[in-house]
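*Asks:* Mind looking over this structure? Questions follow.
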Amino acid sequence: MKRILITGAAGFLGSHLCDFFIKKDYHIIGMDNFITGSIKNIQHLFPIKNFEFYNHDVSKFVFVPGKLDYILHFASPASPIDYLKMPIQTLKVGSLGTHNLLGLARVKKSRLLIASTSEIYGDPKVNPQAEEYWGNVNPVGPRGVYDEAKRFQEAITMAYHNYHKLETRIVRIFNTYGPRMRLHDGRAIPTFIYQAMNNKDITIFGDGNQTRSFCYVDDLIKGIYKLLLSDYHLPVNLGNPEEITINQIAKEIIDTVPDTKSKIVYKKLPVDDPQVRRPDITKAKKILGWAPKTDRKEGLKKTYDYYKNI
């Protein structure tokens, strides 16, 4: 049986990865320190014999007994509210945490996949963003703590691949949504759904004409799995190339939540907030045979159904 360590296991993506690999008959070692993750996301897994869990901060020394075939490093605050509140922890998990897991992978002869992000492109001057684009990032701006943590994470991972011949994979994740996103984490879809469910004003920062590309979580998880098992070690974008404005997603959420009385209001745009975001997924299609399948209307309905039942 294959054994896999998943860091950030109690988070949004980490918990979905745990579910996915349990269904694939892997033995899962989950790790999380709960600074943003929730035990509710994984408590259904505790009775399963092929799941074990460590409450641990990967920025400190990491060791797990036994063989490890794969490591998925998904530990990190991932929303602006979180990483602006916890800037040092965010930088440490991307740097020290990644270094610790690369060392573990080297000892265990494991393949390591790191979760990078579309935020490494910053406020891009190129649209859509292909993997060859180097980005437009302000390293000393408020968002720099997340952007630069992930850029360093990619750099040290490539260094271990090139110098130590370690098996590594790098996924650049674009905006993803679905069940288990925290309602108050500051990202557009959960925030708008919460506001619509409670008949509050839907708050859009800026004029709402900035764009994002939203990928449903189940599609993303399948792409990560394909990348993990591929032979490709350079970064790969995973996301939905259908680009829409924030105004449009707000209106779609108003349409999704029955009988909401919410109205859209506008507030000042945060510093360095990207004006456009759209993945070029040519590599994912060609190398992995992957593209998102879930229609946004269906994905929003599933996400809303989750929130109304928690």
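*Asks:* List the residues, sorted by chain then number, that are 5 or more residues from Arg169 or on another chain and whose placed amide H is less than 5 Å from its amide H.
*Replies:* Leu112, Leu113, Ile114
*Asks:* Tabulate in residue order the Karplus-calculated ³J(HN,Hα) for the stretch 269-279, using 6.51 cos²θ - 1.76 cosθ + 1.60 with θ = phi - 60°, rounded to whole Hz; enter x for Gly and Pro.
*Replies:* Karplus values, whole Hz, x for Gly and Pro: 6, x, 4, 6, 5, x, 7, 9, 7, 7, x.
*Asks:* Note the per residue figure in Å³ for the convex hull of the C-alpha positions in the stretch 249-310.
*Replies:* Working: hull volume 9.5 nm³, N = 62.
Output value, Cα hull per residue: 153 Å³.
*Asks:* What size of dipole, in debye to the nearest 20, comes out for the chain about its Cα centre when the only charges are +1 on Lys and Arg C-beta atoms and -1 on Asp and Glu C-beta atoms? All intermediate terms of the calculation are to be shown ahead of the outcome.
*Replies:* Values: 44 positive and 32 negative charges, 123 e Å.
With only Lys, Arg, Asp and Glu charged at Cβ, the dipole is about 580 debye.
*Asks:* Using mean Cβ contacts within 10 Å as the protection proxy, how do 26-34, 134-142, 231-239 order, highest first? Intermediate results must be reported in sequence, preceding the final value.
*Replies:* On the way: 26-34: 21.6, 134-142: 13.7, 231-239: 19.7.
Going by the mean number of other Cβ atoms within 10 Å, highest first, we get 26-34, 231-239, 134-142.
*Asks:* Right, another one. Using +1 at the C-beta of Lys and Arg and -1 at the C-beta of Asp and Glu, which of Ile48, Asn209, Ile244 has the Cα lying farthest in the positive direction of the dipole of the chain?
*Replies:* Farthest towards the positive pole: Ile48.
*Asks:* Need the full-extension length gain, Asn136 to Ile264, defined as separation in residues times 0.36 nm minus the C-alpha distance. One decimal, nm. Write down the numbers at each step before the final one.
*Replies:* Details: separation 128, 0.36 × 128 = 46.08 nm, distance 3.00 nm.
Between Asn136 and Ile264, full extension yields 43.1 nm more.
*Asks:* For a quick check: with amide H placed at 1.01 Å from N, whose amide H comes under 5 Å from Cys215's, ignoring anything fewer than 5 positions away on the same chain?
*Replies:* Thr176, Tyr177, Asn240
*Asks:* Could you tell me the relative contact order of the stretch 63-114? Use alpha-carbon pairs under 8 Å, at least six residues apart, and round to a whole percent. Kindly include the intermediate steps, with their values, before the conclusion.
*Replies:* Values: 44 pairs, mean separation 29.9, N = 52.
Here the relative contact order equals 57 percent.
*Asks:* Give me the net charge for the shell around Ile114: Cβ to Cβ below 9 angstrom, other residues only, Lys and Arg +1, Asp and Glu -1. Before the final figure, lay out each step's value.
*Replies:* Numbers: positive: Lys150, Arg169; negative: Glu154.
The answer is +1.
*Asks:* Among Glu119, Glu132, Glu252, which comes first, then next, by fewest other beta-carbon atoms within 10 Å?
*Replies:* Working: Glu119 25, Glu132 10, Glu252 16.
Ascending Cβ contact count within 10 Å gives the list Glu132, Glu252, Glu119.
*Asks:* Considering the stretch 1-87, what Rg and Dmax in Å follow from its alpha-carbon atoms?
*Replies:* 12.6, 40
*Asks:* Using 1/(1 + (r/R0)^6) with R0 = 51 angstrom and r between the beta carbons of Gln248 and Lys67, what's the FRET efficiency to the nearest 0.05? If you can, show how the numbers build up before the last one.
*Replies:* Values: r = 48 Å, r/R0 = 0.94.
For Gln248 and Lys67, the calculated efficiency is 0.60.
*Asks:* Additional query: If you stretched the chain out fully between Asp273 and Lys301, how much longer would it get, using 0.36 nm times the residue separation minus the C-alpha to C-alpha distance?
*Replies:* Stretched out fully, the Asp273 to Lys301 stretch lengthens by 7.4 nm.
*Asks:* What's the center-to-center distance, using Cα atoms, between the stretch 27-77 and the stretch 189-211 in Å?
*Replies:* 32
*Asks:* Provide the descending list of Cα extents for the chain along its principal axes, expressed in whole angstroms.
*Replies:* Rounded to whole Å, the extents work out to 55, 44, 37 Å.
*Asks:* Would you mind getting me the FRET efficiency between Ile287 and Leu84? Use the beta-carbon distance for r and R0 = 35 Å, nearest 0.05.
*Replies:* Details: r = 35 Å, r/R0 = 0.99.
It comes to 0.50.
*Asks:* Of Gly178, Pro274, Ile253, whose Cα points farthest to the positive end of the dipole of the chain (charges on the beta-carbon: +1 Lys, Arg; -1 Asp, Glu; origin at the Cα centre)?
*Replies:* Gly178
*Asks:* Kirkwood Rh over Cα pairs of the stretch 106-255 into Stokes-Einstein at 20 °C, 1.002 mPa s: D in µm²/s?
*Replies:* Values: Rh = 17.0 Å.
Taking Rh from Cα pairs, D becomes 126 µm²/s.
*Asks:* Neighbouring Cβ atoms within 10 Å as the yardstick, rank Tyr266, Tyr83, Tyr160, Tyr194 fewest first.
*Replies:* Working: Tyr266 14, Tyr83 27, Tyr160 20, Tyr194 17.
Listing Tyr266, Tyr83, Tyr160, Tyr194 from fewest to most nearby Cβ atoms yields Tyr266, Tyr194, Tyr160, Tyr83.
*Asks:* Given the Cα-Cα distance of Tyr232 and Asn162 and 0.36 nm per residue of separation, how much length would full extension add, in nm? Working shown, then result.
*Replies:* Working: separation 70, 0.36 × 70 = 25.20 nm, distance 1.34 nm.
Full-extension gain reported as 23.9 nm.
*Asks:* Considering only the other residues whose Cβ falls under 15 Å of the Cβ of Ile310, what net charge follows from Lys and Arg at +1 and Asp and Glu at -1?
*Replies:* On the way: positive: Lys40, Arg180, Arg182, Lys302, Lys308; negative: Asp185, Asp305.
Taking every Cβ under 15 Å from that of Ile310, the sum is +3.
*Asks:* What residues qualify as long-range amide H neighbours of Phe205, i.e. H under 5 Å apart, gap of 5 or more or another chain, H built at 1.01 Å from N?
*Replies:* Placed amide hydrogens put Lys267 under 5 Å from Phe205.
Each value in this text was obtained by applying a stated rule to the coordinates, not by laboratory testing. What you see is a predicted model, and the numbers here were worked out from it, not measured in a lab. Neighbour counts are summed over all protein chains in view; Cβ atoms, including those assigned to glycine, are modelled from backbone coordinates with ideal geometry.
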